[in-house]
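The values are calculated or read from the model by the stated rules, or taken from the named source; none is laboratory data. Remember, it's a predicted structure, so these values are computed and weren't measured experimentally. Cβ atoms come from the backbone with ideal geometry, glycine included; neighbour counts cover every protein chain shown.
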Amino acid sequence: MRLRLDLSYEGAGFRGWATQPGLRSVQETVEQAVATVLRLEERPGLTCAGRTDAGVHARGQVAHVDLDVDVDPEVLARRLRRLLPDDVVVHRVRRAPEGFDARFAALERRYAYRIQDDPARVDPLHRGMVVAWPRALDVGAMSAAGGLLVGEHDFAAFCRRREGATTIRTLLELSTVRSPDDGLLVTTVRADAFCHSMVRALMGALVAVGEGRHPASWAREVLLAGARDPRVKVMPAHGLVLEEVVYPDDAGLAARVGEARRRRDEGPGTPTP
């Protein structure tokens, strides 16, 4: 049986989602808890919607696990919540519908990046999830730059390349607003998928524009160059949160998995400058 797990975690204590020898990861922590609860000899493999990097948080992570034993999902969820450490919570476990795949069935992932650029309003209680920035940022300029990057493009300029993996992605939204309550800058980033360090590199470009070091059009120029630009700094991990993963209805799961598995090597045409 395949189970869907909805979970959250504080990323500070983990070296990211994926299991790494000798390092604490979310994947290994949850897999070990499942194995303990179900008295399995080996940890069952978990597949997640998005492999978050070290220090990145998640409110809306989704994973699936395949088991050879029949279990009550509600009982499993309750026992996992008792066993897991307090920096990771399994909110819900349910039987996955036919065709569900936490990774390939996802239509989009939504992240939020939070910055406080007013030193007088920095909240020490939020220091683990908000980046304190020493210089004022122009929200309008950041949103203008983000809008120029939306669409299907090769994001090689904002990704760490992996052999055999494409860097073509469809960016659905990259917008920044300032919260009227606490003055936080909140950037929403939505895409069909992300490559390694992509969101934090995009944020580095937006911050450079927000500081007035470059015009909004510069972000587009970096994209079109197709190579990492040393002027684009990768922003700190702790400001980034995976907020939500969106899936089609049950009838559309199989089609979405097939679409997501195809390689996008041909990609779109050359973006218009």
With (1) within 19 Å of residue 260 (Cβ to Cβ); (2) in a loop (DSSP other than H, G, I, E, B) as the list, and residue 171 as the residue in question, which single condition is left unmet? (2)
Scan the range 194-205 and tell me whether some residue there is closer than 14 Å to residue 156 by Cβ, assigned by TED's automatic domain parsing to the domain that holds residue 149 and among the basic types (Lys, Arg). no
Of 33, 54, which residue is more than 21 Å from the chain's Cα centre (by Cα) and surrounded by 14 or more Cβ atoms within 10 Å (Cβ to Cβ)? 33
Only one of 256, 262, 220 is surrounded by 16 or more Cβ atoms within 10 Å (Cβ to Cβ), under 28 Å from residue 5 (Cα atoms) and among the basic types (Lys, Arg), namely 256
Looking only at the range 174-192, count how many residues are within 17 Å of residue 260 (Cβ to Cβ) and in contact with a Lys or Arg (Cβ under 6 Å, 6 or more places away or on another chain). 2
Given the structure, is residue 15 farther than 18 Å from residue 103 by Cβ and touching a Leu at 6+ places or on another chain (Cβ under 6 Å)? yes
So which residues in the range 139-185 are of a type in the set (S, T, N, Q) and within 18 Å of residue 204 (Cβ to Cβ)? 143, 167, 175, 176
Among the residues of the range 16-59, which ones are under 22 Å from residue 198 (Cβ atoms), polar (S, T, N, Q) and in contact (Cβ under 8 Å) with a residue 12 or more places away in the chain? 19, 27, 47, 52
Pick from the range 197-240 the residues that are free of Cβ contacts under 8 Å to residues at least 40 places away in the same chain and among the hydrophobic types (A, V, I, L, M, F, W, C): which of them is farthest from residue 111 (Cα to Cα)? 208
Among what's in the range 164-201 and is buried (at least 20 other Cβ atoms within 10 Å of the Cβ) and of a type in the set (S, T, N, Q), pick the residue that is nearest to residue 17 (Cα to Cα). 167
Of the residues in the range 223-232 that are assigned to a helix (DSSP H, G or I) and out of contact with any His (no Cβ under 8 Å at 6 or more places or on another chain), the one that is surrounded by the fewest Cβ atoms within 10 Å (Cβ to Cβ) is 225
Residue satisfying condition, being assigned to a strand (DSSP E or B) and assigned by TED's automatic domain parsing to the domain that holds residue 230, within set 141, 112, 157, 145: 112
Out of the residues in the range 59-77 that are under 26 Å from the mean Cα position of the chain (by Cα) and either among the aromatic types (Phe, Trp, Tyr) or part of a helix (DSSP H, G or I) (or both), state the one that is surrounded by the fewest Cβ atoms within 10 Å (Cβ to Cβ). 73
Just checking, which of 136, 106, 112 is surrounded by fewer than 16 Cβ atoms within 10 Å (Cβ to Cβ), touching an Asp or Glu at 6+ places or on another chain (Cβ under 9 Å), of a type in the set (Gly, Ala, Ser) and modelled with pLDDT of 95 or more? 136
Answer from 245, 209 - the residue that is surrounded by 14 or more Cβ atoms within 10 Å (Cβ to Cβ) and in a helix (DSSP H, G or I): 209
Among 130, 150, which is the only one that is touching a Lys or Arg at 6+ places or on another chain (Cβ under 7 Å) and either surrounded by 15 or more Cβ atoms within 10 Å (Cβ to Cβ) or without any contact (Cβ under 8 Å) to a residue 24 or more places away in the chain (or both)? 130
